[in-house]
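Structure first, commentary second.
The values are calculated or read from the model by the stated rules, or taken from the named source; none is laboratory data. Because the structure is a prediction, the values reported are computed rather than measured. FYI the Cβ positions are ideal-geometry reconstructions off the backbone, even for glycines, and counts take in every protein chain you see. With ligands, DNA and RNA removed, areas are computed over all heavy atoms of the protein, side chains included. Shrake-Rupley method; radii C 1.70, N 1.55, O 1.52, S 1.80 Å.
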Amino acid sequence: MNRYLLPLLVFVCLIALFVKGLDPERDLNALPSPLIGKAAPEINLPNLKDTSIRVNLKEYIGQVTLVNVWATWCVGCRQEHQFLLELEETNTLPIFGLNWRDRERDAIEWLEVLGDPYVGSAFDQDGRIGINWGVYGAPESFLINSEGIIIHKHLGPLNWSIWQKDFSPLISQVRNY
């Protein structure tokens, strides 16, 4: 075999990989989740605003729900907050908050000042529940069907464009099934 053939083949393969990585059609926010198609991990934490109440997703089995991971230190969470308030006003689905690796007082103040779109917001100070959900950072949002199965995960801030493109069709599909 020619001694130049192997390096040439390796070079061609690397070029193909680089071209694939530069594909403008790929979703840069897509990060596969091993939880898609599986039961949503349990959340059973105190409610951020009233610790005598527990935030528990099991109460909403039978409804399509959204779990939104957020924190006051998260720039993207501030970007999406107005969208979540508007979404909550549509009564499309219950929105659960998972306040992740934050300061409790800061999180309570955030909800008091900016508004509270959540039916309940669990306080996950040490991030253990976030680990169970496979959280990489905030914001992240999980769409859960009426059987409690995660059907979609979105990384980054939500807005109406993303909602219409990625979430609305799935919600319609599971509600009409």
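Before moving on, here are some points about what is shown:
- Restricting the range 92-128 to residues that are part of a helix (DSSP H, G or I) and charged (D, E, K, R), the residue that is nearest to Phe142 (Cα to Cα): Arg128
Here's the yes/no breakdown for (1) modelled with pLDDT of 95 or more; (2) buried (at least 18 other Cβ atoms within 10 Å of the Cβ):
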position: Val113; (1), (2): yes, no
position: Asp126; (1), (2): no, no
position: Ile151; (1), (2): yes, yes
position: Arg175; (1), (2): no, no
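- Test set (1) assigned to a loop (DSSP other than H, G, I, E, B); (2) farther than 29 Å from Pro169 by Cβ - Leu45 fails condition number: (1)
- Of the residues contained in the range 74-91, one or more are found to be assigned to a loop (DSSP other than H, G, I, E, B), at pLDDT 95 or above and surrounded by 14 or more Cβ atoms within 10 Å (Cβ to Cβ).
- Just one of the listed residues (Ile150, Ile162) is of a type in the set (Val, Ile, Thr) and outside any strand (DSSP E or B), namely Ile162.
- Screening the range 47-73 for residues that are open to solvent by less than 10 Å² (accessible area, probe 1.4 Å) and more than 16 Å from Ser141 (Cα to Cα) and picking the one that is farthest from the chain's Cα centre (by Cα) gives Leu48.
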